[in-house]
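In what follows, a single structure is set out as structure tokens and then discussed.
The values are calculated or read from the model by the stated rules, or taken from the named source; none is laboratory data. Since the structure is predicted, the reported quantities are computational estimates derived from the model, not experimental observations. We place every Cβ from the backbone using ideal geometry, glycine too, and count neighbours over all the protein chains shown.
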Amino acid sequence: MIATQIEPMSALAQLQESKPDRVTIVLLSGDLDKAMAAFIIATGAAAMGMRVTMFFTFWGLNTIRRSGATRSAKDWLRRMFGLLNRGGADTLPLSRFHFGGLGTKMMQTVMKQNRMPGVPELMQTALELDVRFIACTTTMGLMGITKDTLIDGIDQFAGVTTYLAEAKQGSVNLFI
């Protein structure tokens, strides 16, 4: 009888066995290229059958704001945030080489020429693939953002503990 040696399972393999296929993405940035990256990863993971949760906070909330939505903040400081921070997935600036909007328009033209979907289309695909959207209530309060100024399809309005509970269950956690 030949004895075979069983090699111990690697730490990575043990981790992969113990964690379900879940991805959490915190979208902190309101930049076009960073939002695109977040949605490309989210839709790719969802298409692979992974459960994906996106947590939108600070400037990332602009991605899920309705285009042209006005702020109903009562104090002048939050109203100023609203004026300076127009939202909507179709109005996000480029993080570098924005050049007052010229760089963003150039990027959108190149994307269109190469049949690359924009953030609004990627967001719609994410919703169709059952990616969960969570809007950070703490940031909403700070910036005077109300539920009625956000798009339809937000699964939950919650704080950091909800994100942490999701992230704790995940096998992939990204902060963009």
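Here are some notes:
- Of the candidates Thr137, Thr162, Thr70, the single residue that is at pLDDT below 80 and of a type in the set (Val, Ile, Thr) is Thr70.
- Strands (runs of 3 or more DSSP E) contained entirely in the stretch 114-176, each with at least 3 residues that are in contact with a helix residue (DSSP H, G or I) (Cβ under 8 Å, 6 or more places away or on another chain) and not β-branched (Val, Ile, Thr): 132-136, 156-158
- Residues within the stretch 118-176 that are in contact (Cβ under 8 Å) with a residue 12 or more places away in the chain and among the acidic types (Asp, Glu), tallied: 4
- Residue selection: Gly44 fails the criterion of being buried (at least 23 other Cβ atoms within 10 Å of the Cβ), at pLDDT 90 or above, within 18 Å of the chain's Cα centre (by Cα) and closer than 20 Å to Ala89 by Cα.
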